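Contents: one structure, followed by commentary.
The values are calculated or read from the model by the stated rules, or taken from the named source; none is laboratory data. This is a predicted model, so every value here is computed, not measured. Positions of Cβ are backbone-derived with ideal geometry, glycine not excepted, and every protein chain shown enters the neighbour counts. Areas reflect the complete protein model, heavy atoms only, side chains present, ligands, DNA and RNA absent. Shrake-Rupley method; radii C 1.70, N 1.55, O 1.52, S 1.80 Å.
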Amino acid sequence: MRRMTPYKTAVTVLSAMMLLITGCSPEKAEEHRSDLFAMDTYMELKVWCPDGERALSEASARITELENTFSVTIPESDISRLNQAEGQPVEVSPDTSLVVQKGIEIGDASRGALDISIYPVLQAWGFTSQEKHVPTRETLQKELERVDYSRIRVEGNSVTIPSDMQIDLGALAKGYTGDEVMRIFSDHGARSAIVSLGGNVQALGTKPDGSRWKVGVVNPFTTSDNLGVLEIADQAVITSGNYERYFEENGVRYWHIIDRKDGEPADNGLVSVTVVGSSGLECDALSTALFVEGTEGAVSHWKRDRSFEMVLVTDDGRILLTEGLRDVFTNQSTMPIEVIEHE
């Protein structure tokens, strides 16, 4: 099985009847759907337009292409070649250079909370394999010496990482893939489409009847029901949480989102972060970054950057909702909501 390190989960698309189509004549409007397994997760693609089957075929091929480009386990991938280059520059695809550069940008914007060079620490915890365990403090300190995204250099399509470094784009790859699928659907004339890429949900336009898509956000404390429902149009909804990829040892839960400050699972007051925005790539990266930043850091980040909205769930059972989502989020839990406003 080809495996990437999947970082994001926790959103579900609520089913709805599709009636009319925007941009295609009603007699030609019909749902075209494709399900596939890629990037170590199940994906569901739906599009409404006359050329839907061809659009789905191109989207599926593009997903496979990006998996082969970004995977840390496929020897010929750009990431594997970078990780084995022993400090030498590697000519990579425009996709890779763009996503690596975005990882650096979000790393800077989050003051290092997102670090695409954290991969050796994830390996030490066993999150990249089936042998999850708590590493020794000495092991973590040794691996943390290899972590510093600011040492990565990108010049055009040439990327250079230090010889002791390994990178992984698991915190960005599916978000970028969602953007690419939406681009392909749009190129085929679609104005209504929605995809779930292993939990990353992204929508093109509105539902065919003109109403907003409804996307459920999983309750991180139960995982069996929804925290609430978001209504979106032309947006991505991407969540990072401490409840999907984890293991327990001696009664303690350890999750896969690592804080590079100490090499431990990030435990800064949040149990889930959902980011809503127009760019799947940015939402994907931000959901991880904000989780690591913690409650106060995430709120401060949002106040510095108005390009996204977010739903934070704190470890003491509160929902923090940014003001742009006030009218499009329905709380289905018993947790209180606090609306965060720009000062």
Determine whether Ser240 is among the hydroxyl-bearing types (Ser, Thr, Tyr), surrounded by fewer than 19 Cβ atoms within 10 Å (Cβ to Cβ), at pLDDT 95 or above and on the phi < 0 side of the Ramachandran plot. no
On the basis of being under 21 Å from the mean Cα position of the chain (by Cα), touching a residue at least 24 places away in the same chain (Cβ under 8 Å) and buried (at least 23 other Cβ atoms within 10 Å of the Cβ), does Ala190 make the cut? no
Kindly list, by first and then second residue, each pair from a residue in region 74-86 that is at positive phi to a residue that is part of a loop (DSSP other than H, G, I, E, B), limited to pairs with Cβ atoms under 7 Å and residues at least 6 apart or on different chains. Glu86/Ser163
Looking at region 295-322, which of its residues are crowded, with 21+ Cβ neighbours inside 10 Å and small (Gly, Ala, Ser)? Ala298
Assess whether Glu131 counts as being touching a Pro at 6+ places or on another chain (Cβ under 7 Å), of a type in the set (Asp, Glu) and closer than 23 Å to Arg245 by Cα. no
Members of region 44-56 that are part of a helix (DSSP H, G or I) and aliphatic (A, V, I, L, M): Ala55, Leu56
Among the helices (runs of 4 or more DSSP H) lying completely within region 57-142, list those that include at least 2 residues that are open to solvent by 30 Å² or more (accessible area, probe 1.4 Å). 94-109
Whichever residue in region 10-43 is part of a strand (DSSP E or B) and of a type in the set (S, T, N, Q) and, among such residues, is modelled with the highest pLDDT: Ser34
